[in-house]
Amino acid sequence: MHLPFAQHRVEPEGLATPRRVTVIGDPGQMVVKSTQRSATLWDAPTQTFNDSTRGGAVVADKPTLWLVEPQLEPASCVPEEGTGAYAQLHDYGVGPMRQATIPREYFKMPAEERDARIWELKAQLGSRLTILGHHYQRDEVIQFADFQGDSYGLSKQAAEQTDAEFTLFCGVHFMAESADILGSPNQHVILPNLEAGCSMADMAKAEDVEAAWAELERLGITGVIPITYMNSAASLKAFCGRNGGIVCTSSNATRVYDWAFERGERVFFFPDEHLGRNTAVRKDIPLDAMVVWDPFLPLGGNTEDELKAAKVILWKGYCSVHARFSVEQIEQARMTHPGVNVVVHPECRMEVVQAADFDGSTEFIIDIIRKAPSVTTWGVGTEINLVRRLQSQMPDKTIFCLDPVICPCSTMYRIHPAYMLWAMEHLAAGTIVNEISVDPVTAHAAKISLDRMLSVP
Ligand code: SF4
């Protein structure tokens, strides 16, 4: 087990008033401790760093963070200690791909000039380009989006834009993969920064899931239907396609469980333990009929008898944003704002979902707050960029994030307008950079599990 480590980053020259900060934990995660009261976070060009826990070797180029202007409380984007998840993130490692360093000029450029160039290129590329923005992206990115939505909605949107040759997907890696799988062969999907992965998706590696599956088969455990959350690599969707399984989203997970139990006796759910458990609880499956599969332990940390008795086998994975929310935060919100409505995402832990008034997908959260009467108060358990956007769009309501520590999704945050400009300039010059292309065999099998999901009423 790797313990979190402290890292002093080296400051490159020529960037706005950099200060030395201490980065705790995976340098790809936005974990900043500072004696400054507050700071705006901005991602600078990629940096090569030494990981002192791994023999001091240079391990990767990672985007780093800069403190440029005091505004926010110091942020920490790892789940609270005590959830067992803190060290786990380090065991899995994060980040599926490396991004080539882009010229510094893109980061040095004043925001107004950079944005003006993006707008010009967008006009120049016209209907050949669709820009998609996930709800969790910052406003500086969302302003350019032709469509804004959740992961599945955006992938479908990409596929429907049949005129568009290029899709600039301002989301994370697995979303761009899904867009490529669902799109037509003449469409090119581009992820502006290849290091925009998803720490949850990275927690279930295809080879580990295959190994767990083989163990279950060896034990003679039959009737298992694999379900992968949309937030997973194409290889896992393909695994489900090949093995009678299916994909689910946070909107349709209960209906997908119904589909699965009509066809088998148990469910193997990955990569999000919490969505899997929350959905099973909704289906009245008792907690003692669920086990957690830890890929670092023999038999996932279970006995043979426990596995044979299980109705639901949950992969030990989590979202580093949603795992931060706690029952204590909800209690605090209820004390501070009597009458508050609490709504959380089902990637939150079970006890948090149970302490909330409502739980549902990102679209559900947006919808329920939009439809609520004026002057209502909402404590929200989801990503901060979305919560802030809802705040600014609905000033007649009080909307706040349950987590007092400001914490964006650090992998989504790797999409910066500088990368968008870089990718769009290449497109305008006739070169495609950062294309996400799923190999045809994987794409075919993955589409089977996606199509099964679409067939669920
Ligand atoms: S919010 Fe969570 S699940 Fe979504 S991309 Fe970020 S880490 Fe992944």
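Going by average Cβ neighbours within 10 Å, how do the peptides 104-116, 442-454, 313-325, 239-251 rank, with the highest at the top? Can you show the working numbers first?
Numbers: 104-116: 13.8, 442-454: 19.7, 313-325: 26.0, 239-251: 23.0.
Ranked from most to least packed, the peptides come out as 313-325, 239-251, 442-454, 104-116.
Give the long-range amide H neighbours of V267: residues separated by 5 or more places, or on another chain, with amide H under 5 Å away, using H modelled in the peptide plane at 1.01 Å from N.
I225, V312, I313
Starting from a Cα-only point model with no solvent, please compute log10 I(q)/I(0) by Debye for segment 177-306 at q = 0.11, 0.15, 0.16 1/Å.
Taken in order of the listed q values, log10 I(q)/I(0) reads -0.41, -0.74, -0.84.
Please sort 214-221, 396-403, 418-425 by packing, taking for each peptide the average over its residues of neighbouring beta carbons within 10 angstrom, highest first.
Answer by packing, highest mean first, reads 418-425, 396-403, 214-221.
Past 20 Å, Cα to Cα: identify those pairs from K156/K316; K311/K447; K156/K237, in the order given.
From K156/K316; K311/K447; K156/K237, over 20 Å: K156/K316; K311/K447.
Among M200, M350, M335, M412, which comes first, second and so on when ranked by fewest other beta-carbon atoms within 10 Å?
On the way: M200 32, M350 15, M335 9, M412 23.
In order of increasing Cβ crowding within 10 Å: M335, M350, M412, M200.
List the lysines whose alpha-carbon lies under 24 Å from that of K397, not counting same-chain residues fewer than 8 positions away?
In chain and number order, the partners are K371.
How far is it, in nm, from the label point at V405 to the one at R128 when both lie 7 Å from their Cα along the line to the Cβ?
Here the answer is 4.6 nm between the modelled labels.
Taking amide H positions as placed in the peptide plane 1.01 Å from N, state which residues far from Q161 in sequence (5 or more) or on other chains have amide H under 5 Å from it.
none
Taking amide H atoms as placed 1.01 Å from N in the peptide plane, list the residues 5 or more away in sequence, or in a different chain, whose amide H sits under 5 Å from that of D359.
HN-HN under 5 Å from D359: V344.
Using only Cα atoms, locate the centre of segment 325-392 and the centre of segment 202-247, then give the distance between them in Å, rounded to an integer.
Each part's Cα centre sits 32 Å from the other's.
Every number in this text was worked out from the coordinates using simple rules, so none of it is lab data. These numbers come from a predicted model, not from an experiment. Glycine gets a Cβ as well: all are built from the backbone with ideal geometry, and neighbour counts include every protein chain shown.
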